[in-house]
Amino acid sequence: MEENPAVIGPSDTAAFYSCVGCFRGLKNVRFFCPRCHLPACRTFCSGLRDPAGHALECDLLHNKVVPLSYHAWPGIAFLLRCLLLRKANPAMWQLIEEQAPFAAMKRVEK
């Protein structure tokens with residue numbers, strides 16, 4: 001049985017950056033998302049407009065709700081994408097919430 005990941009994000013341990021749209025490794029950061037200015041493989045990477053991917057975080061970053069430089073991006077990308085999953089895919093969020101170790105404690109406290 002093969003399962004798809006609920007969330008994917010760039011590695012924070014890699015020696016190079018990844019495109020925020022398609023995760024292609026970038027040896028040199030030459031292009032950026034035109035809205036939020038995070039690293040991209042090209043200015044018009046199709047992944048930059050993915051409504052279930054970068055488009056959600058891009059809205060936050062573009063509107064300056066979360067100011068962020070691309071140097072800090074890999075360290076928080078996965079966490080931000082997990083939190084945005086609640087909006088992007090409520091059914092998947094519910095599955096994850098039910099699997100969380102604290103789910104049993106929450107049920108007891110209710």
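Details
- In order through the stretch 38-47: 3J(HN,Hα) via Karplus (6.51 cos²θ - 1.76 cosθ + 1.60), integer Hz, x for Gly, Pro: 8, x, 9, 6, 7, 4, 10, 4, 4, x
- Extension gain, ALA100 back to ARG49 (0.36 nm per residue minus Cα-Cα distance, nm): 15.4 nm
- Backbone amide hydrogens, once placed in the peptide plane, bring ARG24 within less than 5 Å of CYS19, excluding anything fewer than 5 places away on its chain.
- Sparse-neighbourhood loop sites, chymotrypsin sites (Phe, Trp or Tyr not before Pro) in the stretch 1-54 - DSSP loop, at most 13 other Cβ within 10 angstrom: PHE16, PHE44
- Projecting label points 7 angstrom from Cα along Cα→Cβ for LEU83 and PHE32 puts them 2.2 nm apart.
- Taking amide hydrogens as placed 1.01 Å from N in the peptide plane, the amide H of ASP50 sits under 5 Å from those of ALA55, each at least 5 positions away in sequence or on another chain.
Here, each number is a calculation from the coordinates, and none is a lab measurement. Everything numeric here is computed off the predicted structure, so don't read it as measured data. Please note: Cβ atoms are built from the backbone with ideal geometry, for glycine as well, and neighbour counts cover all protein chains shown.
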